[in-house]
Amino acid sequence: MALKTPQEYIESLKDGRVVYCNGERVPDVTTHPILKICRNWMAMDYVLNQDPRYQDLLTEKDQDGERVSFALMPQRSRDDLLRLREMVKLWARVCFGKPSGAKFVAKDGLNAVTVVSPRIDKKYGTNYAENVEAYRRHLQKNDLSFAMGLTDVKGDRSLRPSQQKQHQDFYVRIVEERKDGVIVRGAKTHISQAPLCNEILIAPCRAMREDDKAYALAFGVPVNAKGLTLISAEPEVSEGVNLFDHPIAGSIFINDATVIFDDVFIPNERLFLKGEWEFAGEVAYMFANFHRLSAETYKAMELELFTGAAALMADYNGIEKAPHVRDKLTWLAMYTEAVETLGRAAVEHCSSEKDSDLVYPNPLIANICKFYFADNWHQATKYIQDIAGGIVATCPSSKDYFNPETQAMLEKYLGGKAGVPTEDRLRMVKLVRDLTSSYEDVLTIHAEGSLEAQKLSILQLADFDRYKAAAKRAARVENKQGHPIFDELPAFPPSL
Ligand SMILES: Cc1cc2nc3c(=O)[nH]c(=O)nc-3n(C[C@H](O)[C@H](O)[C@H](O)COP(=O)(O)OP(=O)(O)OC[C@H]3O[C@@H](n4cnc5c(N)ncnc54)[C@H](O)[C@@H]3O)c2cc1C
């Protein structure tokens, strides 16, 4: 079948899945008034793949000559990564900074298990690499949307999975082994767009020890599997939301869900890690490596929109020439372009594993980029909120703006600079409110891994030998280990 139409994608979700949202079981996720927002955002993946203008970028012929999503192909060269960046940019620009989630996150998990599974096979004689390849083909041939289930609910964060005190199910684990597969129990949380996906790829979120063997688990599971329950995050908007008041939240609902496994059967052929605890951390680490490209590319596109909104609010309020505003706009432009440049640099200097032909962004640069954008996000929202004014919090609803009884008053009094239609100013105000919501704040800090995780990687990957060699040379401290760059440099100052 290969590429699905948007309608075929929507039809594929009517499969008896167990989803709850706002206190109610959802009989059909495709017609629910709020989940429909996620449905349409997800469907953009299928809309774009069908568009002849984008087919060369977004799709690729598989070994049978059939067109499949390029997102489901393993990336094997720097050029593949650059192409993937262009793909994520297109997805993000089309969807107001947030790439359609159909394959956006889990493709990186698929690559992670592609890299790690042959290592496990080599050590234990398992056949996970074959399983992963068959799963990839299944996803490609049926053009399936899939979510990434990495983050466990975790309980007490200071304890490993098997050390948890209240119960043993804070991390997804095997509770029974059968000849033809395993039974799993536990819960993953924050799993973006899972209720509107066909499949979920499950993998461990941390390194494990031997005691945690039962938790060292990676597998693919259909969303309608028996025993699986998905509880959607509370939506930010309610039924009847309009795109004037919520241009972003009304068109993008990422629908992060808590996914509960109540003794779900996973057949052997869908298992990619089962008890080989020493590889759990490698899967999580490789996911982060691949996922940095996605996260950093879309974030730069979101910042382009964000900085544009700040500049327009300055224009609309007549403060575009004020020195403090120019200063803030300069900072926002630097922030936007630095994220774009760092993200691209990570791809230009891409890395690979010794035993794999897949490539991923340079992890040092990529972690710096991720940390930089997340750490500065609140500074950026502070600036845009300052420029836009208090109206971001207090703006009347579009229902009042378009109410004939109040429209003339609001039109007159909520105007900005002469020549700027009041409606344009209010639309921009609403955009700023959506862009600076608490959801966006938390997403930027935590999604794709918390700040400390990046710091840890940066500290491990940074070339401190080089930094120290430079400092020792300047201080004239003998460098006993020597350094290939600094030992070769001419003496300075010269003895002339
Ligand atoms: C909008 C959104 C979408 C997401 N989408 C997905 C998704 O699609 N799939 C997926 O798998 N995950 C997803 N995530 C999860 C994301 O990766 C996690 O939120 C992130 O890794 C942090 O985990 P946590 O939320 O459990 O927070 P915690 O781990 O509880 O972190 C809270 C704080 O505790 C600290 N901390 C935690 N453990 C320790 C420790 N042992 N020692 C010291 N400090 C510690 C952290 O550094 C942080 O400061 C998403 C998150 C968000 C917000």
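The values are calculated or read from the model by the stated rules, or taken from the named source; none is laboratory data. Model, not experiment: these values are computed from the prediction. Neighbour counts are summed over all protein chains in view; Cβ atoms, including those assigned to glycine, are modelled from backbone coordinates with ideal geometry.
Test S356 against the stated conditions and say whether it is hydroxyl-bearing (S, T, Y), touching a strand residue (DSSP E or B) at 6+ places or on another chain (Cβ under 7 Å) and closer than 30 Å to R76 by Cα.
It is false that S356 is hydroxyl-bearing (S, T, Y), touching a strand residue (DSSP E or B) at 6+ places or on another chain (Cβ under 7 Å) and closer than 30 Å to R76 by Cα.
For the range 440-462, give me the residue count where each residue is within 11 Å of the ligand (Cβ to nearest atom), more than 10 Å from A374 (Cβ to Cβ) and surrounded by 15 or more Cβ atoms within 10 Å (Cβ to Cβ).
2
Can you run down the residue pairs with Cβ atoms below 8 Å, 6 or more apart or on separate chains, where the first is in the range 198-222 and without any contact (Cβ under 8 Å) to a residue 40 or more places away in the chain and among the small types (G, A, S) and the partner is in a strand (DSSP E or B) and surrounded by fewer than 24 Cβ atoms within 10 Å (Cβ to Cβ)?
Within 8 Å, no pair qualifies.
Cβ-Cβ distance below 6 Å, separation of 6 or more or different chains: which pairs start in the range 151-171 with a residue that is within 24 Å of V105 (Cβ to Cβ) and of a type in the set (D, E, K, R) and end on one that is near the ligand (Cβ under 8 Å from one of its atoms) and part of a loop (DSSP other than H, G, I, E, B)?
Between residues of the range 151-171 that are within 24 Å of V105 (Cβ to Cβ) and of a type in the set (D, E, K, R) and residues that are near the ligand (Cβ under 8 Å from one of its atoms) and part of a loop (DSSP other than H, G, I, E, B), the close pairs are D152/C205.
Taking the range 237-260, which residues are acidic (D, E) and surrounded by fewer than 18 Cβ atoms within 10 Å (Cβ to Cβ)?
Residue satisfying the conditions is E239 alone.
I'd like the full set of residues that are of a type in the set (D, E) and more than 9 Å from the ligand (Cβ to nearest atom), limited to the range 143-155.
Across the range 143-155, the qualifying residue is only D143.
Pull out all pairs, ordered by first then second residue, where Cβ-Cβ is under 6 Å, the residues are six or more apart or on different chains, the first lies in the range 470-482 and is surrounded by 10 or more Cβ atoms within 10 Å (Cβ to Cβ), and the second is of a type in the set (S, T, N, Q).
K472/N479
Quick one: A2 ticks every box in (1) loosely packed, with under 14 Cβ neighbours inside 10 Å; (2) not in a helix (DSSP H, G or I) bar one, so which box is it?
Going through (1) loosely packed, with under 14 Cβ neighbours inside 10 Å; (2) not in a helix (DSSP H, G or I) one by one, A2 breaks only (1).
Residues in the range 123-131: is at least one in a helix (DSSP H, G or I), surrounded by fewer than 24 Cβ atoms within 10 Å (Cβ to Cβ), of a type in the set (A, V, I, L, M, F, W, C) and away from the ligand (no atom under 13 Å from the Cβ)?
The answer is yes; a qualifying residue exists.
Can you run down the residue pairs with Cβ atoms below 9 Å, 6 or more apart or on separate chains, where the first is in the range 266-279 and outside any helix (DSSP H, G or I) and the partner is surrounded by 21 or more Cβ atoms within 10 Å (Cβ to Cβ) and charged (D, E, K, R)?
If the second residue must be surrounded by 21 or more Cβ atoms within 10 Å (Cβ to Cβ) and charged (D, E, K, R), the pairs left are I266/K274.
Is there a residue in the range 403-413 that is buried (at least 21 other Cβ atoms within 10 Å of the Cβ) and either of a type in the set (G, A, S) or on the phi < 0 side of the Ramachandran plot (or both)?
No, the range 403-413 has no match at all.
Exactly one of these conditions fails for T406: (1) within 38 Å of the chain's Cα centre (by Cα); (2) modelled with pLDDT of 95 or more. Give me its number.
Failed condition: (1).
Please list, ordered by first then second residue, the pairs with beta carbon atoms under 8 Å, 6 or more apart or interchain, first in the range 40-68 and without any contact (Cβ under 8 Å) to a residue 40 or more places away in the chain, second not in a helix (DSSP H, G or I).
Filtered contacts from the range 40-68: Q55/R67; L58/S69; E60/R67; E60/V68; E60/S69; E60/M73; K61/R67; K61/V68.
In the range 428-496, which helices (runs of 4 or more DSSP H) lie fully inside it and hold 3 or more residues that are farther than 30 Å from S398 by Cα?
Passing ranges, in order: 451-461, 464-475.
Filter the range 440-458 for residues that are free of Cβ contacts under 8 Å to residues at least 24 places away in the same chain and among the polar types (S, T, N, Q) and give the result.
S450
What's the total number of residues in the range 199-224 that are part of a loop (DSSP other than H, G, I, E, B) and within 15 Å of the ligand (Cβ to nearest atom)?
Count: 8.
Answer yes or no: is there a residue in the range 53-60 that is touching a Phe, Trp or Tyr at 6+ places or on another chain (Cβ under 8 Å) and either assigned to a loop (DSSP other than H, G, I, E, B) or of a type in the set (K, R) (or both).
no
Among residues belonging to the range 225-258 that are of a type in the set (V, I, T) and part of a loop (DSSP other than H, G, I, E, B), point out the one that is nearest to R433 (Cα to Cα).
I248
Could you check the range 414-439 and list, in sequence order, the residues that are closer than 18 Å to L243 by Cβ, free of Cβ contacts under 8 Å to residues at least 12 places away in the same chain and surrounded by 14 or more Cβ atoms within 10 Å (Cβ to Cβ)?
Result: no residue meets the conditions.
Out of (1) farther than 27 Å from V339 by Cα; (2) surrounded by fewer than 13 Cβ atoms within 10 Å (Cβ to Cβ); (3) modelled with pLDDT of 95 or more, what's the single condition that is false for E488?
E488 satisfies all of (1) farther than 27 Å from V339 by Cα; (2) surrounded by fewer than 13 Cβ atoms within 10 Å (Cβ to Cβ); (3) modelled with pLDDT of 95 or more except (3).
Please specify each residue of the range 297-336 satisfying the condition of being under 19 Å from I445 (Cβ atoms) and either polar (S, T, N, Q) or modelled with pLDDT under 95 (or both).
T297, T336
E440 is checked against (1) within 21 Å of N362 (Cα to Cα); (2) at pLDDT below 95 and fails just one. What number does that condition carry?
(1)
Counting only residues that are of a type outside the set (A, V, I, L, M) and part of a helix (DSSP H, G or I), how many does the range 316-371 have?
Here the count works out to 22.
Would you mention how many residues in the range 138-197 are assigned to a loop (DSSP other than H, G, I, E, B), in contact with a Phe, Trp or Tyr (Cβ under 7 Å, 6 or more places away or on another chain) and surrounded by fewer than 24 Cβ atoms within 10 Å (Cβ to Cβ)?
Residues in the range 138-197 being assigned to a loop (DSSP other than H, G, I, E, B), in contact with a Phe, Trp or Tyr (Cβ under 7 Å, 6 or more places away or on another chain) and surrounded by fewer than 24 Cβ atoms within 10 Å (Cβ to Cβ): 4 in total.
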